[in-house]
There are 2 protein chains.
Amino acid sequence: MPRIAIDVLLKREILDPEGRAVEDALPGLGHDGVHGVRVGKHLEMEVDAQGEDLEAQVTAMCSGFLTNPVIESYVWRIIGDDERADV
Amino acid sequence: MPRIAIDVLLKREILDPEGRAVEDALPGLGHDGVHGVRVGKHLEMEVDAQGEDLEAQVTAMCSGFLTNPVIESYVWRIIGDDERADV
């Protein structure tokens, strides 16, 4: 069963206050030279589907439930065990 | 200036109530066969560093500010324009 990762961010033309807050805080913590910070959601899950069925199911889940397509956009990919963010 | 993506999730042994809520809601919305849902943070930013300096800076930002290393783990990668989650 493939494990997929979905990354969700506010669209570029939408102000991201959380990203701005992170960017503004970094220099005070000694991290200069960081720009364009955007903060959103990361989801990982196993989906019991393959190929076109998998793509159709992920698209339906994302556009109908996991994201707000008016203000958010997303990318998804199949990941291996070594790409999981949780250890 | 490289653009990087950071994915943050609760460690596997930590209960993820948001992931559980998503997983429990999906069948009622017609999405069966989805398991092991974990929900966390996705960040993208440009960092003015390369190679080992970039790795050192990302590690310092993640372990000291962007994540809670006690309960969260993360992966990061350099991304191209076509891999950005915001369009």
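The values are calculated or read from the model by the stated rules, or taken from the named source; none is laboratory data. Remember, it's a predicted structure, so these values are computed and weren't measured experimentally. Neighbour counts are summed over all protein chains in view; Cβ atoms, including those assigned to glycine, are modelled from backbone coordinates with ideal geometry. Accessible surface is based on the protein model in full, side chains and every heavy atom, while ligands, DNA and RNA are left aside. Shrake-Rupley method; radii C 1.70, N 1.55, O 1.52, S 1.80 Å.
Numbers at a glance
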quantity: Nearest residue to the symmetry axis between A and B, taken on chain A by its Cβ, in whole Å; calculated: A:H42, 2
quantity: Label 7 Å beyond Cα on the Cβ vector: B:D32 copy-to-copy distances, nm; calculated: 5.9
quantity: Using θ = phi - 60° and Karplus 6.51 cos²θ - 1.76 cosθ + 1.60, couplings along segment A:67-75 (whole Hz; Gly, Pro as x); calculated: 10, 9, x, 6, 10, 10, 10, 8, 10
quantity: Shielding by other protein chains, A:44-54, mean Cβ within 10 Å; calculated: 4
quantity: Pseudo-label separations to other copies for A:S63 - Cα-to-Cβ vector, 7 Å, nm; calculated: 4.3
quantity: Chains B and A together, accessible area buried on both sides, 1.4 angstrom probe, square angstrom; calculated: 3700
quantity: Pseudo-label separations to other copies for A:E52 - Cα-to-Cβ vector, 7 Å, nm; calculated: 5.1
quantity: For chain A, accessible area per residue (1.4 Å probe, heavy atoms of protein chains only), Å²; calculated: 50
quantity: Taking N as its residue count, the alpha carbon Rg of segment B:38-80 over 2.2 N^0.38 Å; calculated: 1.19
quantity: CD proxy at 222 nm, helix term only [per DSSP H run n ≥ 4: -39500 (n - 2.57); per residue of the protein assembly as shown; nearest 500]; calculated: -6500 deg cm²/dmol
quantity: Cα pair distances of segment B:3-83 binned at 10 Å [whole percent]; calculated: 16, 38, 28, 15, 3
quantity: Portion, in percent, of the accessible area of chain A that falls on carbon or sulfur, probe 1.4 Å; calculated: 51
quantity: Cα centroid of segment B:1-48 to Cα centroid of segment A:12-87, whole Å; calculated: 8
